[in-house]
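Input: a single structure, listed below in structure tokens.
The values are calculated or read from the model by the stated rules, or taken from the named source; none is laboratory data. What you are looking at is a predicted structure, and each value in this text was computed from that prediction instead of being measured. When we count neighbours, we look across all protein chains shown, and the Cβ atoms used for this are built from the backbone with ideal geometry, even at glycine.
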Amino acid sequence: MKALVYHGPGQKSLEDCPKPVIVDPGDAIVRVTHTTICGTDLHILKGDVPTCTPGRILGHEGVGVVEATGAAVSAFQPGDAVLISCISACGRCDYCRRGMYSHCTTGGWILGNTIDGTQAEYVRIPHADTSLHPIPSGADEEALVMLSDILPTGFECGVLNGKVEPGSTVAIVGAGPIGLAALLTAQFYSPARIVMIDLDANRLATARQFGATDIVDSSTDDPIAAVMALTDGRGVDTAIEAVGVPATFELCQDLVAPGGIIANIGVHGHKADLHLERLWSHNIAITTRLVDTVTTPMLLRTVIAGKLEPARLITHHFTLDDILDAYDVFGRAAETEALKVIITP
Ligand SMILES: NC(=O)c1ccc[n+]([C@@H]2O[C@H](COP(=O)([O-])OP(=O)(O)OC[C@H]3O[C@@H](n4cnc5c(N)ncnc54)[C@H](O)[C@@H]3O)[C@@H](O)[C@H]2O)c1
Ligand SMILES: [Zn+2]
Ligand SMILES: [Zn+2]
């Protein structure tokens, strides 16, 4: 089968690989019908993710059709249309019992990291019963690819951890797919203001269409002054970090109001300053999280009901044969205006 293989920092190729087989009784083999590329795949290609070693098939998002199941799989059978979660979960370990699937002792984020992933014609999914979700017939399968990772990430790490409430004020730093997913799902709670901050005018224009009440281009405007002007000098109740660099985490500390929450989503490779000398008395909370995908069934229902339209995040389409072009377009998002690219084997 064809698959996109990582060969160390800066190196990848589309090649012929053996089709995966059942290894454990809880496995399913899924024929991938749609997959995509995540910013995290670009982090891997930069060499930022040492757990991902050369020879690995990349990709942790996708939908497909079950091809074969191990003897212990009871929830799915061949022919079932399924959504693949980026997080594999046994459902039984101490962390899984607490809903912290991201820290499953025999799962977590392993797909396209420590085991072969979804940018291929077929993928082996461990703990299939608790790592796949059934897709109702008639659903827009392309749109559901957004539920493998980015929507649960924006919602769980940003909106839920940030305790967005009716009438509250929210700032989201970073209008990439993750920041936009937080923007879409924050609106479940009807906050009074959602201010999007980014350096990319195209993405800010998209954010406006997706429901941001205010946008701030921090390449030309001072985001602190802008947010203070919009909040009577108080700052926001929830400051969501959706970039993953020290400057934006530090900016969130300047945007959060007394009593507020800084909800970090970004993957950070460097230490960031924490201004406790100022914030100790401000009754704030700081949260971090690796997505658990524990809200995926709820998000799936909202999409099926038409309350959430994740297809709006899809900007480009490619076949698996052209996946190197897809990486190129996705990697130059500022020029190509790419958000999510759909790849079809
Ligand atoms: N916590 C988790 O479980 C989890 C899961 C998936 C992704 N992530 C992380 O979420 C982050 C966002 O992901 P993404 O795919 O949307 O990334 P992205 O790179 O597509 O988007 C980041 C956005 O931030 C903007 N930006 C960069 N520097 C900025 C600055 N100084 N000020 C304002 N805006 C700035 C960019 O213009 C871009 O639009 C990444 O760090 C990613 O690794 C975390
Ligand atoms: Zn991802
Ligand atoms: Zn577990």
Looking at the structure I just gave you, is ARG56 basic (Lys, Arg), within 16 Å of ligand 3 (Cβ to nearest atom) and modelled with pLDDT of 95 or more?
no
Restricting attention to the range 132-155, does a residue exist that is more than 20 Å from the chain's Cα centre (by Cα), assigned to a loop (DSSP other than H, G, I, E, B) and not assigned by TED's automatic domain parsing to the domain that holds GLY112?
no
Among the residues of the range 307-325, are any polar (S, T, N, Q) and away from ligand 1 (no atom under 16 Å from the Cβ)?
yes
Residue check: is GLY179 over 19 Å from the mean Cα position of the chain (by Cα) and at pLDDT 95 or above?
no
Return the residue satisfying two criteria in turn: it lies in the range 243-261 and is free of Cβ contacts under 8 Å to residues at least 60 places away in the same chain and in contact with a helix residue (DSSP H, G or I) (Cβ under 7 Å, 6 or more places away or on another chain), and of such residues it is surrounded by the most Cβ atoms within 10 Å (Cβ to Cβ).
GLN253
Between a residue in the range 167-180 that is assigned to a loop (DSSP other than H, G, I, E, B) and any residue that is within 11 Å of ligand 1 (Cβ to nearest atom), which pairs come within a Cβ distance under 6 Å, given they are 6 or more apart or on different chains?
GLY174/ALA242; GLY174/VAL243; ALA175/MET196; ALA175/ASP198; ALA175/ARG203; ALA175/LEU204; ALA175/ALA207
LEU251: touching a strand residue (DSSP E or B) at 6+ places or on another chain (Cβ under 9 Å), on the phi < 0 side of the Ramachandran plot, not in a loop (DSSP other than H, G, I, E, B) and not assigned by TED's automatic domain parsing to the domain that holds ILE135, yes or no?
yes
Considering only the range 185-215, state which residues are touching a Pro at 6+ places or on another chain (Cβ under 9 Å), surrounded by fewer than 18 Cβ atoms within 10 Å (Cβ to Cβ) and in a loop (DSSP other than H, G, I, E, B).
SER190, ALA192, THR213
Give me a count of the residues in the range 102-155 that are buried (at least 24 other Cβ atoms within 10 Å of the Cβ), within 15 Å of ligand 1 (Cβ to nearest atom) and not polar (S, T, N, Q).
14
Can you find, within the range 262-287, the residue that is surrounded by the most Cβ atoms within 10 Å (Cβ to Cβ) among those that are under 27 Å from ARG97 (Cβ atoms) and free of Cβ contacts under 8 Å to residues at least 40 places away in the same chain?
ILE286
Restricting to the range 73-101, and then to whatever is more than 16 Å from ligand 1 (Cβ to nearest atom) and β-branched (Val, Ile, Thr), can you tell me which residue is surrounded by the fewest Cβ atoms within 10 Å (Cβ to Cβ)?
VAL73
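Give me the residue from the range 90-119 that is within 16 Å of ligand 2 (Cβ to nearest atom) and more than 17 Å from the chain's Cα centre (by Cα) and, out of that set, nearest to THR33 (Cα to Cα). Give the steps one after another, and end with the answer.
Going residue by residue through the range 90-119, those that are within 16 Å of ligand 2 (Cβ to nearest atom) are 101-102, 107-119.
After this cut, where a residue has to be more than 17 Å from the chain's Cα centre (by Cα) as well, the list is 107, 114-116.
Values: GLY107: 23, THR114: 22, ILE115: 19, ASP116: 16 Å.
Selected residue: ASP116.
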Taking the options GLY70, GLY47, GLY62, name whichever one is crowded, with 16+ Cβ neighbours inside 10 Å and within 16 Å of ligand 1 (Cβ to nearest atom).
GLY62
